[in-house]
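Some notes on the structure that comes next.
Here, each number is a calculation from the coordinates, and none is a lab measurement. A quick note: this is a predicted structure, and the numbers were derived from the prediction, not measured. Neighbour counts run over all protein chains shown; Cβ positions are idealised from the backbone, glycine included.
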């Protein structure tokens, strides 16, 4: 089955539109999120000058495909798979198009069977071997706000990138992701995920809860009887997530354990959230030392200095905290009780209720840093898609 990916189609003809529509309804694409838009490459280029390209982009070309493709390459993310529907059935043209890095070329008129077969070929036979990335969020101490940061970043990744994102709340006893995002969960994850050998894609799909169009939530029932997720099950979960999602956010509890340690070692990026006080300073230094020592060939951990400037609470000045730590924070999120309180009480995220707030801007910056899109969108003049 094709993983959780976003698919957009820009087509001219009713035949192509109908074929893609039927393909999106096929059981093999049950986890994909698709949309069909009118127009060909010109419309796609105009749209994606201001938006991030999806995981899969299908474009119908009416005229000279070789003349039109370079303009699309200018706005296309290097990880986007491009399927071209062309009018010419010619082996030489096919080879030229494929040499440009296009993932597949289908000759019009196309049908749903052909579109599904093309997509399955890309994802199920190993040609599209890129694994998704995992981001682990951990607090330096209880109450640092790591869960809030992780929930908001996951929502931003999903909403801004318009690609499926999985958020896994791994605090089995006190996890609050379902409440924070106003969704209901009834599963005792440690019961159904106790045996890593029994975990598979079908099980994960049954446990996921949709929050909006692109965010998928894995959350425990938050019962005190819940045991910790075994480390082997955590490894299997991350493996399944990387196969099914481009981006996965792990919301880790603050208590140190073998499972938490395993998650930090497996993650592609780690975000430590700290408050500007002495206890956080001590714990943050210990966490950063562990991460730098244990992950020497991975990206440096990200630091979020959170709840800065909270009234009537003694704290270290951010500059003094950073100087003592000798580690620069990625973002500094200032205290804003009204905005954060409203978000918690309404089950919404900060960008949903206060998109222009300072906190929302800092969270968006952190999201872009993790995705590697801080600054200008990464573009390529050549389609750089992996075929295996």
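Which percentage, to the nearest 5, of the DSSP beta bridges contained in the chain is antiparallel?
Working: 3 of 48 bridges.
The antiparallel proportion sits near 5 percent.
What ranking do 197-204, 277-284 get when scored by the average of other Cβ atoms within 10 Å per residue, highest first?
277-284, 197-204
In whole Å, how far is the Cα centre of region 203-261 from that of region 97-159?
Value for the Cα centre distance between the two parts: 18 Å.
Give, in whole angstrom and from largest to smallest, the semi-axes √(5λ) of the equivalent ellipsoid of region 222-294, with λ running over the eigenvalues of the Cα gyration tensor.
23, 16, 12
So for each of 56-67, 17-28 I average, over its residues, the number of other beta carbons within 10 Å; can you give me the resulting order with the highest mean first?
Numbers: 56-67: 20.2, 17-28: 17.3.
Per-residue Cβ counts within 10 Å, averaged per peptide and sorted highest first, yield 56-67, 17-28.
Would you please put 34-40, 210-216 in order of how densely packed they are, using the mean number of other Cβ atoms within 10 angstrom per residue and starting with the highest?
Working: 34-40: 15.6, 210-216: 18.6.
The peptides rank, most packed first, as 210-216, 34-40.
Expressed as an acute angle from 0 to 90° and rounded to the nearest 10, what is the orientation of the C-alpha long axis of helix 112-124 relative to the principal long axis of the chain?
The answer is roughly 50 degrees.
Rounded to the nearest 0.05, what FRET efficiency is calculated for residue 107 and residue 356 with R0 set to 35 Å and r the Cβ-Cβ distance?
The value I calculate is 0.15.
Quick one: Kirkwood hydrodynamic radius for region 157-230, alpha-carbon pairs, angstrom, one decimal?
Details: mean 1/r = 0.0783 Å⁻¹.
Evaluated on region 157-230, it is 12.8 Å.
Which value in deg cm²/dmol, rounded to the nearest 500, describes the helix-derived mean residue ellipticity at 222 nm for the chain, given -39,500 (n - 2.57) per DSSP H run of n ≥ 4 and division by the residue count?
Rounded to the nearest 500, the figure is -12000 deg cm²/dmol.
Let me know the volume per residue of the alpha-carbon convex hull for region 6-124, in Å³.
94
Once all Cα-Cα distances of the chain are split into 20 Å bins that start at 0, what whole-number percent is in each one?
27, 52, 20, 1
Can you tell me what percent of all Cα-Cα pairs in region 58-207 are more than 23 Å apart?
Values: 6372 of 11175 pairs.
Summing the P(r) tail past 23 Å for region 58-207 gives 57 percent.
Between region 321-366 and region 36-67, how far is it from one alpha carbon centroid to the other, in angstrom?
Computed from Cα coordinates, the inter-centre distance equals 35 Å.
Quick check on region 143-287: of the DSSP beta bridges with both residues there, what percent are antiparallel, nearest 5%? Could you put the intermediate results ahead of the total?
Numbers: 3 of 12 bridges.
Here the antiparallel bridges make up roughly 25 percent for region 143-287.
If you fit an axis through the alpha-carbon atoms of helix 14-24 and take the longest principal axis of the Cα set of the chain, what angle between them do you get, 0 to 90°, nearest 10?
The helix 14-24 is inclined about 40 degrees to the chain.
Given the options 366, 100, 218, state which has the largest fluctuation in a GNM of the chain using a 10 Å cut-off (strictly under) for Cα springs.
Of 366, 100, 218, the Gaussian network model singles out 100 as fluctuating most.
Using a Gaussian network for the chain with springs between C-alpha atoms less than 10 Å apart, which of these wobbles most: 318, 296, 355?
Greatest mean-square fluctuation among the candidates belongs to 296.
Mind checking the angle between helix 65-75 and the chain's longest principal axis? C-alpha axes, 0 to 90 degrees, to the nearest 10.
Approximately 10 degrees, to the nearest 10.
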